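The values are calculated or read from the model by the stated rules, or taken from the named source; none is laboratory data. None of these values were measured; they are calculated from a predicted model. Quick reminder, even Gly has a Cβ in these numbers, built from the backbone with ideal geometry, and neighbours come from all protein chains shown. With ligands, DNA and RNA removed, areas are computed over all heavy atoms of the protein, side chains included. Shrake-Rupley method; radii C 1.70, N 1.55, O 1.52, S 1.80 Å.
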Amino acid sequence: MTVRRANALNALNADVLVQLEDALERLSNDQTVRAVLLTGEGDKAFIAGADIPEFLEAGPAEALLIAGRIKRVIDAIVRLPKPVVAVVNGYCFGGGFEVALACDLRIACKQAQFGLPEIKLGIMPGGGGTVRLTKLAGGSVARMMAMTGDSISAERAHQFGLVASLHESGEALMDAAMLLAGRLALQPPIALAQLKSALQIAADADTETACQAELKAFALCFSTADKREGVSAFLEKRKPVFKGA
Ligand code: COA
């Protein structure tokens, strides 16, 4: 999935957000899709944030509409029962960073930059940025980034655990992304979907609730043909072939 609006550094206007939402629905319904990569067109930006011109005449009601469109995309990524990897190929700011934070994994090129610059526009994040950044990197990092609005390098984002791996830009990043997607696509889809859901609950719920959810997901995996295939393959010393059943 590629955000195609390079002339505005892939900023998320209403059109782009509707297209992303539609694409995510198609990917969710397509049983042949086992992993999703999200990136931005061109070599400068992943997504440079929400569309700033849309803010100029907007009041609180319009702000809710704009944030609602971004939230629908973010919710669709979180709900998608398949892993989503943000392939951060450049500027990853504001709403773009919020979208990336909602993905299951983030990989980036070494030139990428991450930031929540909303405060510099007289506003603040509205797409879950303060929440997910606090959960992923801690309150100090979230405060430092959101309160100053300053961006951080890909290397810092890697140190903070926000980015799983760093790569040279261009082809090297896309090669790494395809390799990762290929590995994820070979995993058992039902177990992977259960795992995604359990990890989400682990981030949001109290320990006992999350452990109960994990237990149910674990048990559900035992109803699948892929469990039999995985365990048999181990015992027979061969590679498993998972079919999503
Ligand atoms: N919304 C709409 N358009 C945007 C945009 C955004 N968030 N970010 C960049 N653009 C547009 C610019 O207006 C410019 O358009 P133009 O060529 O018609 O003038 C084009 O993308 C290229 O941006 P430019 O600023 O010239 O590139 P740069 O390399 O000098 O700077 C950034 C890149 C990302 C540092 C700078 O564009 C920026 O600060 N963007 C805003 C980031 C932001 O605040 N995001 C959060 C929004 S809530």
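Using a 1.4 Å probe on the protein chains only, how many percent of the accessible area of region 1-64 belongs to carbon and sulfur?
About 51 percent, which is the carbon plus sulfur part of the accessible surface.
For region 74-153, what are Rg and Dmax over the alpha carbons, in angstrom?
12.1, 36
Could you pull out the pairs from LYS82/LYS216; LYS110/LYS243; LYS44/LYS196; LYS135/LYS239; LYS44/LYS71; LYS120/LYS196 whose alpha carbons sit more than 26 Å apart here?
LYS110/LYS243; LYS44/LYS196; LYS135/LYS239; LYS120/LYS196
Working only with C-alpha atoms, what are the Rg and Dmax values of region 1-104, expressed in angstrom?
13.2, 43
Label points 7 Å out from Cα along the Cβ direction at LYS135 and MET174: separation in nm?
Placing both labels 7 Å beyond Cα along the Cβ direction yields 3.2 nm.
Set the Förster radius R0 to 41 Å, insert the Cβ-Cβ distance between ALA58 and VAL33 as r into 1/(1 + (r/R0)^6), and round the FRET efficiency to 0.05.
With a Förster radius of 41 Å, E is 0.70.
How much solvent-accessible surface does SER223 expose, in Å² to the nearest 10, with a 1.4 Å probe and all protein chains in place?
Accessible area of SER223: about 90 Å².
Leaving out ligands, DNA and RNA, and with a 1.4 Å probe, what % of the accessible surface on region 189-235 is carbon or sulfur?
Answer for region 189-235: carbon and sulfur cover 66 percent of the accessible area.
Dividing the convex hull volume of the alpha carbon atoms of region 189-235 by its residue count, what do you get in Å³ per residue?
65 Å³
Does anyone have the angle between helix 171-185 and the longest principal axis of the chain? Alpha-carbon axes, 0 to 90°, nearest 10?
40 degrees
Using a 1.4 angstrom probe with every protein chain in place, what is the largest-first accessible-area order of ARG69, ARG183, ARG238?
Sorted descending by solvent-accessible area, the residues read ARG183, ARG238, ARG69.
Once you have the Kirkwood Rh of region 89-211 from its Cα pairs, apply Stokes-Einstein at 20 °C and 1.002 mPa s and quote D in µm²/s.
Rounded to a whole number, D works out at 138 µm²/s.
What residues of region 189-229 lie in the reach of a label at LYS243, counting those whose backbone N is under 15 Å from a point 7 Å from the Cα along Cα→Cβ?
Answer for region 189-229: 189-190, 224-229.
Measuring with a 1.4 Å probe in the full set of protein chains, what accessible area per residue, in whole Å², belongs to the chain?
About 54 Å² of surface per residue is accessible.
Starting from the Cα of LEU199, step 7 Å along the direction of its Cβ; do the same at ASP150; then give the gap between the two resulting points in nm.
Rounded to a tenth, the inter-label distance reads 3.1 nm.
Using a 7 Å offset from the Cα along the Cα-to-Cβ direction at both ILE119 and GLU229, what is the distance between the two label points in nm, to one decimal?
4.9 nm
Which value results when the Cα radius of gyration for the chain is divided by 2.2 N^0.38 Å?
In units of the 2.2 N^0.38 Å rule of thumb, it is 1.05.
So what's the gap between the Cα centers of region 91-159 and region 194-210, to the nearest angstrom?
Centre-to-centre (Cα) distance: 23 Å.
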